Amino acid sequence: MARKNYTDEFRQRAVDLYESTPGATLKAIAADLGISRGALREWVEKLGSGTTTAGRASTSASGRSESPAAKIMRLEAENARLEAERIKLETERDILRQAAKYFAGETNW
């Protein structure tokens, strides 16, 4: 399996997302981004500031549980995950369609 190369910006944004998301776990953030937990852990150790909001839920003056920047990053990560899932499902659907056509032609009832 080929090793994936991620940009420095993606790595930093992943670390920022982990550090700024209240209650975040490495496993959950890595799954949302479609990366391995080990890779994210390495990035956090290398690029992280050492402060996380995992233990506390910081609220702004408007009563929101996350900053606009954190929300944007979270939504972008979710969007990337959903896009990857959509592509995977479309590929699976196409394979199943081709298989159905093949087996429909094979039957001589």
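Each value in this text was obtained by applying a stated rule to the coordinates, not by laboratory testing. Quick caveat, the model's predicted, so the values are computed rather than measured. Methodologically, a virtual Cβ is constructed for each residue, glycine included, from the backbone with ideal geometry; neighbour enumeration extends over all protein chains shown.
Miscellaneous remarks
- The simple Förster model, with R0 at 25 Å and r as the Cβ-Cβ distance, assigns Glu90 and Lys46 a FRET efficiency of 0.10.
- Ranking of Ile72, Ile35 by count of other Cβ atoms within 10 Å, fewest first: Ile72, Ile35
- Pairs beyond 29 Å (Cα-Cα), from Lys4/Lys71; Lys4/Lys27; Lys46/Lys88: Lys46/Lys88
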